[in-house]
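Notes follow once the structure below has been shown.
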Amino acid sequence: MAMDSTLRSTPIDSESGRALHATHCRWQAATRFRVAPAFVALLLVVASTASTAQDPVRKPVPPTGEELLRYNHKSLRPSYQACMDSAAGSLGAQEECIDEEFAYQDGELNRIYREKLATLSGRDQNALREIELRWIRQIYGDDGCKMPADPTPAQRLDTKQCLTAATIIRWRQLKDPRFVAKRIHDWLNPRKSDDTGEREIPTFGDFGLPDSDGKLELQVGDISIRTQVENCKGQTKLYCQVKTLAITAPWGEQVLAPPQLFFLDAADQIRGFDVTAYRGDMSGGFGSMLPTFIIYDLNSDGDEDLMLWTDPYGSYGDPSYTYFLFDPARKAFVEIPALTEATRGFTLSRIRLNQLDLWYRSGPCLRGEKVVAIRGTIPVEISHNDYSTCD
């Protein structure tokens, strides 16, 4: 679209979530020429153009819009530079060049945003919409790329170049599944900086559902998970046949072949916190999350193991897992069918060191609890109690 200084008061369609980015939020009247210092850091992260100041007292001059575009020149179309070369000496002609390039880059941002949105659960979609609304307010706000109320031709050109650079950086960020997952995770589960215990627990989580092609990529710390699924069925609890599943960790890559995987779609408002992959402490239980992938040292041998949500054989259809223990000699996860069988029919409530706390219920009265310890690679039942609540 042609860029102008018209203010549109509603930058998002709350029903579809599509009218979110700059194409749907026209250039706004503003008060600045250069990019605000608070926004410079965001723009330069991708550009990697940090320089050492000669004078530690002097504040660095914010880059111009032209400089910001230069930092991101690899993402510009060749036609833009050709247009600018032809328009040399004419600010009006150069502004037409940046108008055309912005329209293309903003289209890319909207396309990538919609593709990413389609891979997420309902809860995560809402989170991403709010995250992007905040981003829009930032780049069009006082700490972003605002245009003077009565701009000169040079100021108009500079501001439009700034906004085009910000748009490029944003679509590059949204293409990175780790960036999106981290932003959603932080939005839904903000860390408590004053909670010493929370800071010390190395917990990682990632979110998402398979896309329309059945592909899903997740990142939990230095471990990545890539899967291709098909024939997904169900609503709140999706279950899909697995075509491929690869786990990549510092020790290498391993391909696993579970017949199916379950995924929680957070359209189920009862469950709420929809972590697809979780890596961290499990002593506090699952809370409201039902991860498809869990990475945890199940037998307390110092090596993290793997759990996959593969079946609905827990109590009343709750998740049941296929367990893989890491073999350091083979540098691979090894399936332990005996552990899967020992937990079948029970719901896993928490993991304390090498002990699994499980429970079940049947009808209005019958209840049961048991604890299974994992010693080496052997599951050992150390307690079991069945009782009736109707006695």
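Of the residues examined, Tyr113 is not one that is free of Cβ contacts under 8 Å to residues at least 40 places away in the same chain and in a helix (DSSP H, G or I). Taking the listed residues Gln81, Gln161, Gln155, the one that is over 22 Å from Asp186 (Cα atoms), surrounded by 23 or more Cβ atoms within 10 Å (Cβ to Cβ) and not hydroxyl-bearing (Ser, Thr, Tyr) is Gln161, with no other qualifying. So is Phe293 buried (at least 20 other Cβ atoms within 10 Å of the Cβ) and more than 28 Å from Gly363 (Cα to Cα) or not? Taking the combined requirement at face value, the residue satisfies it.
Counted as qualifying within region 299-354 are the strands (runs of 3 or more DSSP E) with 1 or more residues that are among the polar types (S, T, N, Q) and closer than 18 Å to Ile247 by Cβ, namely 305-311, 320-327.
Based on what the data block shows, is Asp99 out of contact with any Cys (no Cβ under 6 Å at 6 or more places or on another chain), closer than 30 Å to Pro153 by Cβ and not assigned by TED's automatic domain parsing to the domain that holds Val275? Spelling it out, Asp99 is indeed out of contact with any Cys (no Cβ under 6 Å at 6 or more places or on another chain), closer than 30 Å to Pro153 by Cβ and not assigned by TED's automatic domain parsing to the domain that holds Val275. Filtering Ser315, Ser320, Ser212, Ser283 for residues that are closer than 24 Å to Ile374 by Cβ and out of contact with any Phe, Trp or Tyr (no Cβ under 8 Å at 6 or more places or on another chain) leaves a single hit, Ser283. Scanning region 135-154 for residues that are at pLDDT 90 or above and of a type outside the set (A, V, I, L, M, F, W, C) yields a total of 2.
This table checks each residue for (1) farther than 20 Å from Gln254 by Cα; (2) assigned by TED's automatic domain parsing to the domain that holds Ser283; (3) surrounded by 13 or more Cβ atoms within 10 Å (Cβ to Cβ).
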site	(1), (2), (3)
Leu298	no, yes, yes
Phe326	no, yes, yes
Val334	no, yes, yes
Gly345	yes, no, yes
Asn354	yes, no, yes
Tyr360	yes, no, yes
Arg367	yes, no, yes
Tyr387	yes, no, no
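The values are calculated or read from the model by the stated rules, or taken from the named source; none is laboratory data. All of these numbers come straight from a predicted model, not from anything done at the bench. Note: ideal-geometry Cβ built from the backbone for every residue, glycine included; neighbour counts use all protein chains shown.
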